[in-house]
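> Input: one structure, supplied below.
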Amino acid sequence: MQPAVFRSAHYLLALAGIRLGLAALGLAASIAAGAEARSAGVGLAFGAAASAVALLTDRRRLLVRRAPAEPLPTGARRAPLSRAVAKGLLPSTVGVAALLVASLVFEPVLAAVLAGILAGMGGVGVAAFVEISLLERQRRARFFTDGIGPVRRYVAPW
């Protein structure tokens, strides 16, 4: 059976957009719940910086050996991006968003920090999108993945 694949760049951009959108909503909600705008802004900046540093310095990716991308099989099916994005949002994005909503009642500034964490995740996603887009342009190829279990990566010429 041929794999069902989606473009890696599209996946990264969709996740980043959702995370950044949730961050903006979270910031607005924290201010509406009573946080001073200045405190909320500092909380957002702190959360974004902390999560970006944590994500960018995570050394676990160095321990995982990735197989090189295989040629995209002829007849590979396009998987719905929505399914892959829904899977990519769990548990990190949904968990942080749930904590953000819960914290609005008790501590609106904490909600802004959590919005910052979402913003940091989104920012790192944008950086990954730019990186893979530049790599695609350099290699004159498109990268795909199946996103299931042990993820397999595929490459196809432009």
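> Condition test on ARG61, is it without any contact (Cβ under 8 Å) to a residue 12 or more places away in the chain, surrounded by fewer than 19 Cβ atoms within 10 Å (Cβ to Cβ) and either outside any helix (DSSP H, G or I) or not small (Gly, Ala, Ser) (or both)?
yes
> Tell me yes or no: at least one residue of the range 76-85 is at pLDDT 95 or above, assigned to a helix (DSSP H, G or I), under 12 Å from the mean Cα position of the chain (by Cα) and under 29 Å from VAL5 (Cα atoms).
no
> Separate question: Can you tell me which residue in the range 24-35 is farthest from the chain's Cα centre (by Cα), limited to those that are among the small types (Gly, Ala, Ser) and assigned to a helix (DSSP H, G or I)?
It comes out as ALA32.
> From the list GLY88, GLY147, GLY95, GLY122, pick out the single residue that is of a type in the set (Gly, Ala, Ser), in a helix (DSSP H, G or I) and modelled with pLDDT under 95.
The unique qualifying residue is GLY88.
> Does the range 68-77 include one or more residues that are out of contact with any Asp or Glu (no Cβ under 9 Å at 6 or more places or on another chain) and of a type in the set (Lys, Arg)?
Yes: the range 68-77 contains one or more residues that are out of contact with any Asp or Glu (no Cβ under 9 Å at 6 or more places or on another chain) and of a type in the set (Lys, Arg).
> Is it true that some residue in the range 68-82 is on the phi < 0 side of the Ramachandran plot, surrounded by 16 or more Cβ atoms within 10 Å (Cβ to Cβ), in contact with a Gly (Cβ under 7 Å, 6 or more places away or on another chain) and of a type in the set (A, V, I, L, M)?
no
> So which of ARG19, ARG38 is exposed (fewer than 13 other Cβ atoms within 10 Å of the Cβ) and outside any loop (DSSP other than H, G, I, E, B)?
ARG38
> Just one of VAL94, VAL151 is closer than 18 Å to PRO71 by Cβ, under 18 Å from the mean Cα position of the chain (by Cα) and surrounded by fewer than 17 Cβ atoms within 10 Å (Cβ to Cβ); which is it?
Matching residue, one of VAL94, VAL151: VAL151.
> Here's another thing I want to ask about it. Does at least one position in the range 134-146 carry a residue that is exposed (fewer than 10 other Cβ atoms within 10 Å of the Cβ), polar (S, T, N, Q) and closer than 30 Å to SER39 by Cβ?
No, the conditions are met nowhere in the range 134-146.
> Suppose we filter the range 116-158 for residues that are in contact (Cβ under 8 Å) with a residue 24 or more places away in the chain and either in contact with a Cys (Cβ under 8 Å, 6 or more places away or on another chain) or more than 15 Å from ARG19 (Cβ to Cβ) (or both); how many remain?
14
The values are calculated or read from the model by the stated rules, or taken from the named source; none is laboratory data. These figures come from a predicted structure and were not determined experimentally. Counting neighbours? That spans all protein chains shown, and the Cβs are built from the backbone with ideal geometry, glycine included.
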